[in-house]
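The values are calculated or read from the model by the stated rules, or taken from the named source; none is laboratory data. Please read all numbers here as calculations on a predicted model, not as lab measurements. As a convention, Cβ positions derive from the backbone with ideal geometry for all residues, glycine included, and neighbour counts pool all protein chains shown. SASA here: full protein model, heavy atoms, side chains in, ligands and nucleic acids out. Shrake-Rupley method; radii C 1.70, N 1.55, O 1.52, S 1.80 Å.
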Amino acid sequence: MSPVTACDVAVIGAGAAGLAAARQLRREGHNVVVFEKESQIGGIWVYNSATEPDPLGLDPTRPIIHSSLYSSLRTNLPRETMGFREYPFVAKKTGQRDLRRFPGHVEVLEYLKDYANEFGLSELVRFETEVSRVWRREGGKWEVRFRKRSGGDEDVDEDFDAVVVCNGHYTEPRIAYIPGVDRWPGKQIHSHNYRVPEPFQNKIVVLIGSSASAVDISREIASVANEVHIASWSNSNEESGTLPGYDNVWLRPMIESANEDGTISFPHGFKISADIILHCTGYKYHFPFLDTQGIVTVDENRVGPLYKHVFPPSLAPWLSFVGLPWKIAPFPQFELQCEWIAGILSGRISLPSQNEMMKDVEAFYDSLQASGVPKRYTHNMTGYQFEYNDWLATQCGAPKTEEWRKKIYHATSLNRKARPETYREEWEDEDLVLQAYQDFAKQVSCKQVS
Ligand code: FAD
């Protein structure tokens, strides 16, 4: 790649990833336009009490609600670990701010607004502007087709040197396959459309899943429902007891079938009558606007081929993806991915050859297959996010992850398992929190000096 100093870059989405991209790209000297279909920044953190008309989110023509937050949602990461490296998520004692270590979603949105203000990012965003198509023209430029919500039916095309995709991946529901469910007379809903527990009053609910949302939502629903049955592959076939501390919540193995008479069958002939199946079964990567002529595909939820989860080798560095990995602390990783992309686009950092990148991707896929990891877990970074982040940091010449951040992340994971009900109120890593705040204080005094 011949070195260039400044590129025209389109960023799609003004959630946390898009904001980090805008910040790092501009810092590197690029010209940035961020396209955002909604009227404000924040992405998933903009709570919307409305839900989609299709509660399972299967109808491709349905009007899409971007956010999947429920009203009571609090972060599942403590603020020290969750925040951007460059702009710590500290409790602000001004105004009506939520000072808790695991704050509610409103506080996260406020924090993202603070971040955008600090770095003047909103001025880079074209709000209410939905991107409908992205493709590469002959000659190498990228074309972005977009439409202003208030601009009638008019599509506009604009040229860019590079496109950074930051459209999020918690909007397109994935649902569990349940034999016989088409003839089952009850209601089904995906957690994407769960907001408050009231509609579950006096109902018998089968909730599928074991993720952080499944844990929160099952407890919340238990306060109003008659019965909650948590069905999950991780519950063994033998145990079917109640959840400790609850007399109306049962842990069940995965559903075997749903039946015409309204019952749900579990292994060993056990059956219950149920009113609602709630799928807390995650989401699919979805890039409806992206036309790469088949170069980038989503295959069983693997977005690929991507070098280090970011660049399709044959289109690098002109097309990139930020924020695909999961089971991580997202914001600090977004920052590093974006710094890497920005540095590569400016020619400050170099990428291996296309061939070498492709070999790296293939070796990664082979290693997953050899360890029996299904394709849909390609972007699951359990156990190696910090190694990956440190690799990115080294490429960028940036500091590696702070020791306290790694340790807090780990301590929180253990605490969440040990105290699923109370980990947001009780913890034992106070000494690490102190270290984090000492680091933050140093950052602030450095800023004041510089
Ligand atoms: P998003 O926030 O989804 O932003 C994507 C943006 O792209 C949106 O603004 C959208 O409107 C825009 N967009 C999409 N398509 C287009 C288009 N075609 N044209 C223009 N604009 C478009 N993370 C944590 O760190 N801590 C937590 O506690 C935590 N809890 C979570 C709880 C839930 C229920 C969920 C779903 C996620 C949670 N996360 C949490 C993960 C969270 O998704 C990430 O932290 C992060 O906010 C994702 O940012 P993003 O920018 O990648 O995506």
- Message: Considering only the stretch 24-38, I want to know if a residue exists there that is within 22 Å of the chain's Cα centre (by Cα) and away from the ligand (no atom under 13 Å from the Cβ).
- Response: yes
- Task: Select, from Lys417, Lys442, the only residue that is closer than 25 Å to Cys338 by Cα, assigned to a helix (DSSP H, G or I) and at pLDDT below 95.
- Result: Lys442
- Query: Among the residues of the stretch 130-170, which ones are aliphatic (A, V, I, L, M) and either within 17 Å of Leu319 (Cα to Cα) or within 9 Å of the ligand (Cβ to nearest atom) (or both)?
  - Reply: Val131, Val134, Val144, Ala162, Val163, Val164, Val165
- Residue list for the stretch 149-173, restricted to those being in contact with a helix residue (DSSP H, G or I) (Cβ under 9 Å, 6 or more places away or on another chain) and in a loop (DSSP other than H, G, I, E, B): Asp161, Cys166, Asn167, Gly168, Tyr170, Thr171
- Item | Search result, residues across the stretch 273-293 that are within 14 Å of the chain's Cα centre (by Cα) and small (Gly, Ala, Ser) | Gly282
- Message: Given the criteria β-branched (Val, Ile, Thr), closer than 30 Å to Val433 by Cβ and touching a residue at least 24 places away in the same chain (Cβ under 8 Å), does Val46 qualify?
- Response: yes
- Note on the structure: Reported set for the stretch 1-23 where residues are touching a strand residue (DSSP E or B) at 6+ places or on another chain (Cβ under 7 Å) and within 13 Å of the ligand (Cβ to nearest atom) is Ala10, Val11, Ile12, Ala14, Gly18, Ala21, Ala22
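Table: residues versus (1) within 16 Å of the ligand (Cβ to nearest atom); (2) part of a loop (DSSP other than H, G, I, E, B); (3) open to solvent by 50 Å² or more (accessible area, probe 1.4 Å).
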residue: His309; (1), (2), (3): yes, yes, no
residue: Ser320; (1), (2), (3): yes, no, no
residue: Leu324; (1), (2), (3): yes, yes, no
residue: Phe331; (1), (2), (3): yes, no, no
residue: Gln369; (1), (2), (3): no, no, yes
residue: Phe386; (1), (2), (3): yes, no, no
residue: Trp391; (1), (2), (3): no, no, yes
- Query: Of all residues in the stretch 45-79, which are open to solvent by less than 40 Å² (accessible area, probe 1.4 Å) and either acidic (Asp, Glu) or more than 14 Å from the ligand (Cβ to nearest atom) (or both)?
  - Reply: Glu52, Asp54, Leu56, Arg62
- Query: Filtering the stretch 76-132 down to residues that are polar (S, T, N, Q) and free of Cβ contacts under 8 Å to residues at least 40 places away in the same chain, which residue is nearest to Ile217 (Cα to Cα)?
  - Reply: Gln96
- Message: Could you list, ordered by first residue, the pairs with Cβ atoms under 8 Å in which the first is in the stretch 417-430 and more than 22 Å from Glu403 (Cα to Cα) and the second is at pLDDT below 95 and part of a loop (DSSP other than H, G, I, E, B), at least 6 apart or interchain?
- Response: Glu421/Gly245
- Scan (1) part of a helix (DSSP H, G or I); (2) within 16 Å of the ligand (Cβ to nearest atom); (3) free of Cβ contacts under 8 Å to residues at least 40 places away in the same chain; (4) not aromatic (Phe, Trp, Tyr) for the single condition Leu336 breaks and write down its number. (3)
- Is there a residue in the stretch 268-282 that is modelled with pLDDT under 95 and open to solvent by less than 60 Å² (accessible area, probe 1.4 Å)? no
- Task: Answer yes or no as to whether Asn202 is assigned to a loop (DSSP other than H, G, I, E, B), open to solvent by 10 Å² or more (accessible area, probe 1.4 Å) and at positive phi.
- Result: yes
- Task: Say whether the condition of being within 14 Å of the ligand (Cβ to nearest atom) and on the phi > 0 side of the Ramachandran plot is met by at least one residue in the stretch 85-105.
- Result: no
- Looking only at the stretch 333-367, and only at residues there that are of a type in the set (Ser, Thr, Tyr) and more than 19 Å from Pro312 (Cβ to Cβ), the one that is least open to solvent (accessible area, probe 1.4 Å): Ser346
- Note on the structure: When (1) of a type outside the set (Asp, Glu); (2) within 24 Å of Val296 (Cα to Cα); (3) more than 22 Å from the chain's Cα centre (by Cα); (4) surrounded by fewer than 15 Cβ atoms within 10 Å (Cβ to Cβ) are applied to Phe146, the one that fails is (4)
